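Here the structure is laid out as structure tokens; the discussion comes afterwards.
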There are 2 protein chains.
Amino acid sequence: MATMEGSGSASYGKDVQTSTGGSQTDRAAVIIDGKAIADQIREEIGAEVAKMKEAVGNVPGLAVILVGARKDSATYVRMKKKACSEAGIQSFDVTLPEDATQDDVVAHVKHFNDNPAVHGILVQLPLPKHINEEAVLEAVSYEKDVDGFHPINVGTLAMQGRKPQFVSCTPKGCIELLKRSGVQMSGKRAVVLGRSNIVGTPAAMLLQRENATVTVVHSRTPNPAEITREADIVIAAIGKAELVRGDWFKPGAVVIDVGINAVEDSSRKTGYRLVGDVHFQEASQVASMITPVPGGVGPMTIAMLLSNTLEAAKRAYGVA
Amino acid sequence: MATMEGSGSASYGKDVQTSTGGSQTDRAAVIIDGKAIADQIREEIGAEVAKMKEAVGNVPGLAVILVGARKDSATYVRMKKKACSEAGIQSFDVTLPEDATQDDVVAHVKHFNDNPAVHGILVQLPLPKHINEEAVLEAVSYEKDVDGFHPINVGTLAMQGRKPQFVSCTPKGCIELLKRSGVQMSGKRAVVLGRSNIVGTPAAMLLQRENATVTVVHSRTPNPAEITREADIVIAAIGKAELVRGDWFKPGAVVIDVGINAVEDSSRKTGYRLVGDVHFQEASQVASMITPVPGGVGPMTIAMLLSNTLEAAKRAYGVA
């Protein structure tokens, strides 16, 4: 699957028919190249940051708080800082020891809340077990909550006539992929697989805002395949390697695969490979468009983090 | 339809099969008697209030703010105060003139926020046009937001692992009707017709919390009848008189009709009668259970307002 990365091309701006009739089994789906789309967005953000610097003399600032020494978390933080730097966004960071107290962490959050050069605050999850994540996340001012996790941002996302300060990065990235691939959402049926706070729930809210008719399928749904087959657009976010098979899809469906699961693979040096929640090979014979894993939704998450930070800075500096 | 009020009986505590096969056209649905269920809940609340008074010497308090002289609003406020009084809940009220300023209204809200004898605050809507409803509603402390309209309460309702302080009264009443009628929601397909902040959106969140698989159908859904026919449970909240016909339902579906619409009726002294969003006569031939209008969801809304006020007082006084 890794060899597919970069080989496909998304059809920018074209209106794609999501539910064409007839057999699709004789052709593979268009690959939505998340890496290429994310790169383009990051370039656009870089240009806007440069413009902002010229206009107001300031750039957006993102603060990242890392607690403990988890290797994966350290890698994510490094990637985020690198992405900031490439886009001209200033990054602030604090690394606290594994045994930092909750009060320590909250104190750093509050410090960043008060710092006018910081427009977004990100607490890298998971936090060590002795710290209450909810309490820490809620200490982040909802006006700097670039992760979109604060209940006020979730609530205003759900409400008609309201606009959240921030939308959670991964679901925002999913919708951006659909938009930039020319997929019409209004009036279409969408199924979201999974109802997590971080992906499934906000993804459903976003699809509904685009006027799709949305069904959320979850672990207690007795017939997920049958319901998923009704959908023109499917966002899979369940965290189970290749659980979603080809026969779950209506021919011509558009498939966004949020899952990133490591499965054993003795043919690789690392001993594993990454796969999505969707069985890519099967699904790509049925779908009209599909995101690969890796190289699909993943790269969009960081791009949306930069986008959220830029938006916050624009609000702070009154830049259009 | 009014003659049906009180004639049906809900099947308390019985587990009802929502999707039985075969033809249902030869029998009418069980009527879910919202009036009787609401009366029972109000009695239960009255008993709890009496217990609270004995235990801590205090009773719950509900503050109602009415602005202007709308007849319907005045009637609603009077009904709410009467219901409070019957349940032993203390009510506080302020009536402001039509030309009250937004600052006036907000000042009264804040006054009630600070009053420890007030556990719930309700601003009767609609407010006069010169007042920003959103600003007034957001001035209500989310800990006294018995209407459940505050974004924090909407957000925590949407989020897994979180619990809102309050759930909006009408959708809470719908779920209570289903529960007290013995309707199993877990694993069932539910369709919510309408996506308003006050009913449709929170109703969908509540059904999902009960582990139903929920689809929200709205004005931009091209085939609402087809999708509604997939549902075991339907909550209709669109505000269009009898738009939802009998053939929208799967045989055996459970139908909760939130709509209250006045239609001309020259045979009545008033010149009109009230009907729901659902064509009752047709639907009751197909559904297994259905709420009438009036006498279905309507009476539950006030019962849930009392229930929310009681809950808030329990939290304030640390009563289980």
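Every number in this text was worked out from the coordinates using simple rules, so none of it is lab data. These numbers were taken from a predicted model, which means no experiment stands behind them. Because the Cβ atoms are built from the backbone with ideal geometry, glycine has one as well, and the counts that use them run over all protein chains shown.
Here are the numbers for the structure shown:
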quantity: Furthest towards positive pole of dipole, A:57, A:112, B:152, structure part the protein assembly as shown, Cβ charges; calculated: B:152
quantity: Top positive-direction residue, dipole computed over the range A:56-209 with Cβ charges, set A:141, A:196, A:66; calculated: A:196
quantity: Rounded tilt (10° steps) of B:102-114 against the dominant C-alpha axis of chain B; calculated: 80 degrees
quantity: Whole-Å semi-axes of the range A:58-147's equivalent ellipsoid (Cα gyration tensor); calculated: 20, 16, 10
quantity: Per DSSP, loop trypsin sites (Lys or Arg not before Pro) in the range B:52-158 with at most 10 further Cβ within 10 Å; calculated: B:129
quantity: Residue-averaged 222 nm ellipticity for chain A, from DSSP H runs of 4+ at -39500 (n - 2.57), nearest 500; calculated: -11500 deg cm²/dmol
quantity: Label-zone membership for the range A:203-231, site residue A:245, 7 angstrom Cα→C-beta point, backbone N under 12 Å; calculated: A:225-226
quantity: FRET E, pair residue B:54, residue B:86, Förster distance 22 Å, beta-carbon r, rounded to 0.05; calculated: 0.75
quantity: Listed residue (A:288, A:300, A:222) projecting farthest to the positive dipole end of the range A:192-316, Cβ model; calculated: A:300
quantity: Charge dipole magnitude, Cβ of K and R +1, D and E -1 - chain B, Cα centre, debye nearest 20; calculated: 400 debye
quantity: Ascending count of other beta-carbon atoms within 10 Å, so fewest first, for A:170, A:101, B:291; calculated: A:101, A:170, B:291
quantity: Copy-to-copy label separations for residue B:111, where each label sits 7 Å from Cα toward Cβ, in nm and ascending; calculated: 4.5
quantity: Estimated dipole of the protein assembly as shown in Debye, rounded to 20 [Cβ of Lys and Arg +1, of Asp and Glu -1, Cα centre]; calculated: 420 debye
quantity: Label-to-label distance, nm, for residues given as residue B:317 and residue B:186 (7 Å Cα→Cβ offset); calculated: 3.4 nm
quantity: Cα-based helix-to-principal-axis angle, A:71-87 vs chain A, degrees rounded to 10; calculated: 80 degrees
quantity: Amide N of the range B:280-320 lying under 19 Å from the label point, which is placed 7 angstrom from the Cα of residue A:132 along Cα→Cβ; calculated: B:315-319
quantity: Degrees, to the nearest 10: B:34-56 long Cα axis against longest axis of chain B; calculated: 30 degrees
